[in-house]
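Enquirer: Here it is, the structure in full.
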Ligand code: F6P
């Protein structure tokens with residue numbers, strides 16, 4: 001039995017009998033269970049439950065037992081009814097466990113399992129109170145050492161200080177061998193990392209660290225469906241979303257053939273898309289639908305929106321979307337509703353509610369608002385919802401989806417708990433809105449591009465593997481060079497929403513402080529990701545990047561534009577003009593400009609220092625053929641895997657997001673306060689929040705917004721319907737004329 005199982009067992013007994021470890025006394029007569037000696041009363045009052053199934057946990061138990069040469073059957077012990085038990089006897093049992101634990105060979109596989117389950121053990125122990133917790137921590141084998149204490153990590157630290165910090169990129173870029181080595185290519189993607197503050201030795205040291213961290217086996221584990229998101233007990237299979245149909249039968253999660261499932265849903269989406277786009281599916285009043293509003297937030301919005309922005313100007317996308325429109329409604333701000341549907345005709349509009357949980361407060365309020373909007377125009381009939389609302393959600397939310405009024409037989413597209421929200425654009429979250437607008441075939445091209453990069457990631461050796469190198473350089477810059485921000489600058493207007501998507505993808509994934517062994521880390525992880533398209537960004541925040549802080553940059557450029565222009569009398573095409581900046585910026589950042597160079601230009605002495613650029617600022621350049629659906633899939637996969645690599649090296653679970661929960665919970669408390677204040681007719685209700693500052697600002701808000709919410713005062717509350725805030729006005733007001741569409745001093749009238 002592993003130490004982990006011992007402790008869970010111990011925890012279970014302590015919990016059931018509500019005793020503290022301080023009550024332990026000396027051993028009593030015992031009987032053997034699982035190779036351990038337990039007092040008869042403990043054995044008789046606890047269920048002896050034998051698991052012989054083939055589930056992974058059972059088989060690992062069997063393996064452990066075999067290793068120890070013990071009985072064939074795996075036995076798990078738990079309290080049957082929590083009835084009172086002689087604490088002395090229980091204490092004796094626990095003591096036996098301790099003795100056995102202490103005799104366990106720390107290098108054995110059993111301890112390894114305990115290490116990997118450390119967080120679960122701690123969780124369990126936490127429930128038992130302080131002294132039991134402390135006792136369990138004492139007997140539990142120590143967690144794996146932090147990666148920062150490994151020789152591989154320390155070598156990199158020394159290398160950064162002793163070698164790299166005394167080098168300048170200006171000189172490094174003159175090293176021909178280095179420049180020719182520091183690039184990689186795959187399927188039209190050209191990756192140049194010669195402007196990173198790294199040498200070939202740095203890369204070798206990073207590969208050593210990657211090997212130490214078992215990077216490639218862990219990547220394979222992710223693709224194979226291992227439950228690496230252990231805090232939620234989930235596999236991480238966004239790669240299955242773009243696996244080809246013939247890969248069905250190769251990846252299973254809890255007995256489910258993941259790839260077959262994915263293709264079942266894709267086929268369903270394809271069929272629905274064809275029916276929608278051929279006019280077979282119509283709205284409640286029989287009109288063809290041509291407007292699509294996708295309601296969702298976070299991962300249920302950012303990925304699909306970034307993809308939509310790309311396809312808007314892509315040749316096939318332009319043609320296939322003619323006559324249709326797609327908008328996204330994410331923010332719970334009612335102004336976002338107004339901006340989304342003010343000029344839409346509800347009879348021609350299909351609403352897609354994208355929410356994995358189907359409980360996210362913002363999404364559900366927006367969904368209800370859009371449903372009301374439909375009802376306001378077409379009548380309060382459930383069939384309006386059945387004909388105009390589609391849901392993309394997790395199977396476990398089916399009942400909620402049904403309760404909302406969605407036709408779950410035809411208008412429901414499922415996803416699974418083994419795909420996190422921010423990794424879900426290749427599933428129904430992206431497939432439904434994008435296919436409805438652009439046709440399913442174009443969406444498939446996006447999947448194919450992602451698949452190509454997935455295969456490269458899975459199979460290419462580390463020193464040729466673009467996402468691996470990008471991830472290792474991320475670790476290098478963040479943990480060893482001390483740069484805690486990084487910028488993503490696509491020289492493609494159509495990628496304007498890529499930085500926002502990557503921001504969520506990476507910051508929600510690696511913004512962590514506890515490693516996978518449940519231990520607080522002592523090394524910097526996670527970067528602040530931000531970006532804007534070039535050249536706009538150059539005229540915005542590049543001042544800081546050139547002369548202020550050092551912020552590693554990823555420059556993304558394209559060999560061919562989606563739409564190039566060469567006007568009469570212009571010497572270069574507009575795309576060449578754009579790309580001149582793509583090539584110039586990385587060198588400007590790397591080389592900088594010395595005082596001598598500035599003086600040589602005749603600069604007045606008092607301005608020389610102002611015009612000096614230190615340079616030595618790292619960047620990578622990624623060059624792609626042309627921004628298509630396929631290439632967008634490659635870009636997506638590249639960045640998803642960069643994030644995973646960094647998480648693996650840092651020993652994080654990159655696939656949960658507990659950090660966003662606190663804000664959600666506090667918003668609920670605040671809502672309670674607001675409801676009390678709003679329901680108070682007299683208007684003298686004073687909010688007493690968690691602290692005086694919050695009480696004060698909330699009371700200020702309530703007092704000053706009372707009229708806006710109530711319209712004509714408490715005796716005349718304004719009854720608002722969605723129609724009053726959203727209306728199909730624009731086409732009724734052409735040519736433009738004087739009109740009053742609202743904005744009545746903040747009142748909703
Ligand atoms: O903001 C936290 C989060 O849980 C994201 O991870 C997720 O993408 C988003 O909320 C939306 O969640 P859902 O798809 O369940 O509505």
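Enquirer: How big is region 449-596 by Rg and Dmax over its Cα atoms, in Å?
Expert: Over region 449-596's Cα set, Rg and Dmax evaluate to 17.9, 65 Å.
Enquirer: Something else about it: Could you check the spin-label model distance between residue 686 and residue 256? Points 7 Å from the Cα along Cα→Cβ, value in nm.
Expert: Spacing of the two 7 Å Cα→Cβ label points: 5.3 nm.
Enquirer: Testing the spin-label approximation: label points 7 Å from Cα along Cα→Cβ at residue 152 and residue 441. State their distance in nm.
Expert: In this crude spin-label approximation the distance works out to 4.6 nm.
Enquirer: For a footprinting-style exposure proxy, rank 356, 287 by other Cβ within 10 Å, fewest first.
Expert: Details: 356 26, 287 14.
Lowest to highest Cβ neighbour count: 287, 356.
Enquirer: What is the order of 301, 639, 207, fewest Cβ neighbours within 10 Å to most?
Expert: With the sparsest Cβ surroundings first, the list reads 207, 639, 301.
Enquirer: How much of the calculated P(r) for region 520-676 lies past 19 Å, in percent of all Cα pairs?
Expert: 71
Enquirer: Under the 0.36 nm per residue contour assumption, what length would be gained going from the current alpha-carbon distance of residue 395 and residue 180 to full extension?
Expert: Length gained, residue 395 through residue 180: 72.4 nm.
Enquirer: Could you grab the relative contact order for region 561-615? Cα pairs under 8 Å, six or more apart, rounded to a whole percent.
Expert: 28
Enquirer: How high is the relative contact order of region 132-284, in percent, with contacts defined as C-alpha pairs under 8 Å that are six or more residues apart?
Expert: Rounded, it is 12 percent for region 132-284.
Enquirer: If you don't mind, another one. Roughly what would the spin-label model give for residue 679 and residue 335, points 7 Å off Cα along C-beta, in nm?
Expert: It is 3.0 nm.
Enquirer: Between residue 607 and residue 549, what length in nm is gained on full extension when 0.36 nm per residue of separation is reduced by their alpha carbon distance?
Expert: Going from the current span to full extension adds 18.8 nm.
Enquirer: Could you bin all the Cα-Cα distances of region 208-332 into 10 Å bins starting at 0 and give me the percent of pairs in each, rounded to whole numbers?
Expert: Answer for region 208-332: a P(r) of 10, 26, 32, 22, 8, 2, 0 percent.
Enquirer: Exposure proxy check: 386, 290 ranked by fewest other beta carbons within 10 Å?
Expert: Result, fewest neighbours first: 386, 290.
Enquirer: Per the Debye formula with a single identical scatterer at each Cα and no solvent contribution, what log10 I(q)/I(0) holds for region 284-402 at q = 0.15, 0.23 Å⁻¹?
Expert: So the normalised log intensities are -0.68, -1.41.
Enquirer: Take peptides 694-704, 484-494 and line them up by average Cβ neighbours within 10 Å, highest first, as a rough protection proxy. It would help to have the intermediate numbers written out before the result.
Expert: Working: 694-704: 14.3, 484-494: 22.7.
Sorting 694-704, 484-494 by mean packing, highest first, produces 484-494, 694-704.
Enquirer: Grab the eigenvalues of the alpha-carbon gyration tensor for region 396-442, scale each by 5, take roots, and send me the semi-axes largest first in whole angstrom.
Expert: 20, 16, 7
Enquirer: Taking Cα centroids, how far is region 244-299 from region 511-541 in Å?
Expert: 33
Enquirer: Continuing with the same structure: Tell me, in nm to one decimal, what length is gained between residue 220 and residue 368 on full extension, where the rule is 0.36 nm per residue of separation less the Cα-Cα distance?
Expert: Working: separation 148, 0.36 × 148 = 53.28 nm, distance 4.18 nm.
So the chain would gain 49.1 nm between residue 220 and residue 368.
Enquirer: Which peptide among 435-442, 265-272 comes first, and what is the full order, when sorted by highest mean count of other Cβ atoms within 10 Å?
Expert: My ranking of the peptides, most packed first, is 435-442, 265-272.
Enquirer: Determine, from the Cβ-Cβ distance of residue 571 and residue 539 and an R0 of 22 Å, the FRET efficiency 1/(1 + (r/R0)^6), rounded to the nearest 0.05.
Expert: The formula returns an efficiency of 0.45 here.
Enquirer: Turning to a different aspect of this structure: Going highest first, how would you order 340-352, 413-425, 210-222 by mean Cβ packing within 10 Å? It would help to have the intermediate numbers written out before the result.
Expert: Details: 340-352: 21.4, 413-425: 24.0, 210-222: 17.5.
In decreasing order of mean packing, 340-352, 413-425, 210-222 become 413-425, 340-352, 210-222.
The numbers here are math on the coordinates, done by the rules we state, and not lab data. Just so we're clear, the structure is a prediction, and the values are computed from it rather than from any experiment. Note that each Cβ is placed from the backbone with ideal geometry, even for glycine, and that neighbours are counted across all protein chains shown.
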